[in-house]
Amino acid sequence: MDIQALAKDIPAQGEQSLEGIDFITNGDQYLTFMLGDEQFAIDILCVEEIRSWEQPTRIPNAPNHVKGVINMRGVIVPIIDLRIKFGVGENSYSVSTVVIVLTIEVEHDSKTIGFVVDAVSDVLNAEEDEIKKSPAFGGSIPPEFIIGLVNLEDAVVTLLNAEALHKIEKHQPNEGIQL
Amino acid sequence: MSINLSQFLPTFLEESNEGLETMESGLLNLQNADDESIHSIFRAAHSIKGGAGTFGFKQVTEFTHLVETLLDEMRDGRREVFKSDIEILLESVDCIRLLIEADRREVSCEDESIARVSNLLDQSLNLGAESDNKSDEQEISSTSEIEHWVIDFTPEHHLVQTGNDPIFLFNALNDLGDVKVTCFTDNVPAFSDFEPEELYLRWQIELSSPDTTEADIREVFEWVEDECQLEIHLLSVGRGSEQNANSDIEVSSEDIDSAKESIPTVSKDEAPIASAAINKPEPTAKAKQEVSSIRVGVDKVDSLINLVGELVITQSMLSELGNDFDLSKVEKLTSGLDQLLQNTKELQESVMRIRMLPISFAFNRFPRLIHDLSIKTGKEIELVIKGEQTELDKTVMEQIGDPLVHLVRNAVDHGIESKDVRIANGKNAKGKISLDAYHMGGSIVIEINDDGGGINRQAVLNKAVEKGVVEPNATLTDAQVFDLIFEPGFSTASEVTDISGRGVGMDVVKKNIQSLGGRIQVESEPGKGSCFKVNLPLTLAILDGQLVRVGTEVFIIPLISIVESLQAKTDLINSVSGNMVLYRLREDNVPVLPIYQLFNLDADNVEIDNSLLVVVESDGQKVGLMVDDLLAQQQVVIKSLKDNYQQVDGISGATILGDGSVALILDIPGMISMALKQAQIAQKKAASPTIEEVV
């Protein structure tokens, strides 16, 4: 009686949770975040953790967008300000400023790098056919960093290429030596 | 069931390396031979041969077999131990090393030394064999006795599970003489009780052979002794028919003949290969160094386990305390935290100790080296080694070997005088070189002393002037003069020998030691000898550092490169040759390098007057680093910046301070070259407008 009623409930609960899973498995997942007023997204599987902003130890003669290094559980992690790198938004540091720490693997070479962003917003599901090519009409972000664009309601989200971010700090090696 | 043998290969390589070292040190001590050392040499050779056989290292097996035969004869007292034999055996140790490397890479080793040494071994063996043969013949003619042995071999049921196969034993017996094997199946149980992995058979073996002793037979069964019942009976001598005995003699003498023939043919085959050989052994010798595992003493592991146990106890104590905490328990908390601190420290030390090996690993090669060199140079040299239990990080150990070898060779060649000169100078004819290792502070010091002629100060100076390194009228201290021998291309040896004297080397030695974060000093007294002191950090993972502050940033200067720290006095600061700032430090003029300028930082203090200078030295160049404040001195764990970022000029790595923040470790040589580059750019900028003006 009671038990039977319970037994009836169980599949019902299962269906509910399955619905949830369905929504998860629908396409790849991306973590969206804000740089200024623009929305960006990055493959969620790369995300190691999200930390609040803390003043890193500065690296001498580093390019402007490399803020320094921090200690993340014994690992030295460089911090890169994406806003400066991409020329989007203002580089002010407030309580809501966060650092997304990504572990990016390219050909057995794994790097853990923290990226400063204005805010982390949501998780976005995007199937491959939803990702549209980014038109090459200017924009301050070099094209190799962009996978494509995804429409999210009225807004447009730029999907960033994690593998390109892997080499981000090597892009202008001479930038630092300005005498 | 097939076993993937390749997984055991590294172990075999390591063990055979150890075996070769055992052989080498045993051989060097063999002159004053006791029985045990020849046995241990033999055992080492035997297990190398066995292991090589298992892995299909044919070249090694064949060669080692010759060595083993020679050793076997020595072991049985059938051959006297001559000095020449020891030389051959020492050379064959080198050959086995080459061959193992060659077999590992599955190439055939075409080094002329192999063929030469195996020829020598053959000759030596043949000499012995001839005398053996004679004595055999004598024995045969006088006694002509054939001994018949009956061996009852009842293995335990689990014999095959330990990897022993009776067929190998029978084959081995077959080598001793004629064998007749009878198998008894009476112990085989009913099929229902039959365990497929057990051995139920027993054997009776009849062995007839001319000169086999019970010990020989026992040796065959050595490996299975504990796992079987073995009864060996000698039947009455010469039982069997006379004919039978005769035929046996024929067989055995034929064996000897064929053996004698086969050995020279092997070497004949090898000879042409050797003459055509171009392959040099150098690369193989280098590849050998990449050993990737560490053998750790059980005591070290036990102490680790103990510490981890304590750590767990402390942790549970603290978490229990945390469960219901009030202020009355603060004292308990502090003591708990103290305990945790203690545990963590000990644990860190223990883990570090795992990487530490006694320096005897690096010193082991020197008895052999001295032995070889004293033959080559004709100088009699005694080697004294002290402090070989001093422990050193494995990485440092691997990299310090070659520089040490170079220093020892130098001591033999340049340091120790020839016998006649020594006697003429009233010294002991036998030169003495001593190696000493000890801990001092956070570093290890290795001293290489010789009681030779010392460094000729005037000769070094003359050479330096000739090379233009030093101004002709410069006055230099002894230490400065002796430091000159580390200049590239510097050799005062009047003759170039094949040991040293080409002037390549001392600069490399110095560079290698510096790349390990160490330094080298020379002391020398004419007529009394020289002393090279190598100062090395205990480990590459931890560094003694001086924390300094520049503006808001904290940097770490490696303590080993600091000469002194001082407050700059205004009257000692000189601005010369167009804005180059020098600080007068006694006789030296030290260029001042403001860190804030080099690294583009905001510093509290940008004036040199009264600023704090940390005088550091790299490659003989002293520089005064201008800092805002001197903070604590402490040991720091070195972390790489390159792992997640990239190499940064002037920074050798990073570390994590007590408060969890990151501090960067300064790379002194890197900073100096950075400053030089900046100066060059500035000079070019300064030079170009003047050219325009001229135009």
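The values are calculated or read from the model by the stated rules, or taken from the named source; none is laboratory data. These figures come from a predicted structure and were not determined experimentally. Note that we place each Cβ from the backbone using ideal geometry, even for glycine, and neighbour counts take in every protein chain shown. Accessible surface is based on the protein model in full, side chains and every heavy atom, while ligands, DNA and RNA are left aside. Shrake-Rupley method; radii C 1.70, N 1.55, O 1.52, S 1.80 Å.
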Mean other chain Cβ within 10 Å across A:111-124 is 1
Peptide ranges B:415-426, B:397-408 listed from the most packed, as the mean C-beta count within 10 angstrom indicates: B:397-408, B:415-426
How many partner chain Cβ atoms sit within 10 Å of a residue's Cβ in peptide A:75-81, on average, as a whole number? 4
Distance between modelled label sites at B:Asn323 and B:Ser113, nm, 7 Å Cα→Cβ extension: 6.7 nm
Give me the extension gain from B:Asp602 to B:Gln458: residue separation times 0.36 nm, minus the current Cα-Cα distance, reported in nm with one decimal. 46.9 nm
May I ask you to give the average projected area over all directions of the convex hull of the Cα atoms of segment B:432-484, in nm² rounded to one decimal? 5.1 nm²
Any chymotrypsin sites (Phe, Trp or Tyr not before Pro) in segment B:33-90 that lie in a DSSP loop and have at most 12 other Cβ atoms within 10 Å would be B:Phe82
Using a loss threshold of 40 Å², tell me which positions in segment A:59-73 are less accessible in the complex than in their chain alone. Probe radius 1.4 Å, ligands and nucleic acids ignored. A:Ile59, A:Pro60, A:Asn61, A:Asn71
Averaged over B:592-602, how many beta carbons belonging to a partner chain fall within 10 Å of each residue's beta carbon? 2
Using θ = phi - 60° and the Karplus relation 6.51 cos²θ - 1.76 cosθ + 1.60, list the HN-Hα couplings for segment B:512-526 in order, rounded to whole Hz, with x at every Gly or Pro. 4, 5, 5, 5, 8, x, x, 8, 10, 10, 10, 10, 7, 10, x
Sparse-neighbour loop sites [GluC sites (Glu not before Pro); segment B:81-127; at most 11 other C-beta within 10 Å; DSSP]: B:Glu106
Could you list the trypsin sites (Lys or Arg not before Pro) in segment B:545-600 that lie in coil according to DSSP, counting only those with at most 12 other Cβ atoms within 10 Å of their Cβ? B:Lys569, B:Arg586
Say the dipole of segment A:49-164 comes from +1 at the beta carbon of Lys and Arg and -1 at that of Asp and Glu; which of A:Gln55, A:Ala162, A:Gly138 then lies farthest toward its positive end? A:Gln55
How much length is gained if the chain between B:Ser575 and B:Glu106 is pulled fully straight, taking 0.36 nm per residue apart and subtracting their Cα-Cα distance, in nm to one decimal? 162.3 nm
Using a Förster radius of 51 Å, what is the FRET efficiency between B:Val301 and B:Glu523 based on their Cβ-Cβ separation? Nearest 0.05, please. 0.80
For segment B:545-557, what does the Karplus curve 6.51 cos²θ - 1.76 cosθ + 1.60, with θ = phi - 60°, yield as ³J(HN,Hα) per residue in whole Hz, taken in order and with x for Gly and Pro? x, 9, 7, 10, 10, 10, x, 9, 9, 10, 10, 10, 9
Inter-site label distance for A:Lys167 and B:Leu347 at 7 Å from Cα along Cβ, in nm: 4.1 nm
Taking H as built 1.01 Å from N, whose amide H comes closer than 5 Å to the amide H of B:Trp149, not counting residues under 5 places away? B:Leu207, B:Ser208, B:Ser209, B:Leu235
Where the Cα pairs of segment B:353-470 fall when distances are cut into 10 Å bins, in %: 13, 37, 29, 19, 3, 0
Which pairs break 21 Å Cα to Cα here: B:Lys376/B:Lys510; B:Lys432/B:Lys511; B:Lys419/B:Lys528? B:Lys376/B:Lys510; B:Lys432/B:Lys511
Modelled FRET efficiency - R0 41 Å, A:Asp122 with B:Asn610, Cβ distances, 0.05 increments: 0.10
Using 0.36 nm per residue of separation minus the Cα-Cα distance, give me the extension gain between B:Glu388 and B:Glu156 in nm, one decimal. 79.0 nm
What accessible area, summed over both chains, is buried at the B-A interface (1.4 Å probe, Å², nearest 100)? 2100 Å²
Once label points are set 7 Å from the Cα along Cα→Cβ at both A:Ala155 and B:Arg365, what is their separation, rounded to one decimal in nm? 6.5 nm
Place a +1 charge on the Cβ of each Lys and Arg in segment A:28-93 and a -1 charge on the Cβ of each Asp and Glu, then give the dipole magnitude about the Cα centre in debye, rounded to the nearest 20. 380 debye
Binned Cα-Cα distances of segment A:48-121, short to long, each 5 Å bin given as a whole percent: 3, 16, 27, 27, 18, 7, 2, 0
What is the calculated FRET efficiency for B:Glu87 to B:Arg43, with r their C-beta to C-beta distance and R₀ = 25 Å, to the nearest 0.05? 0.70
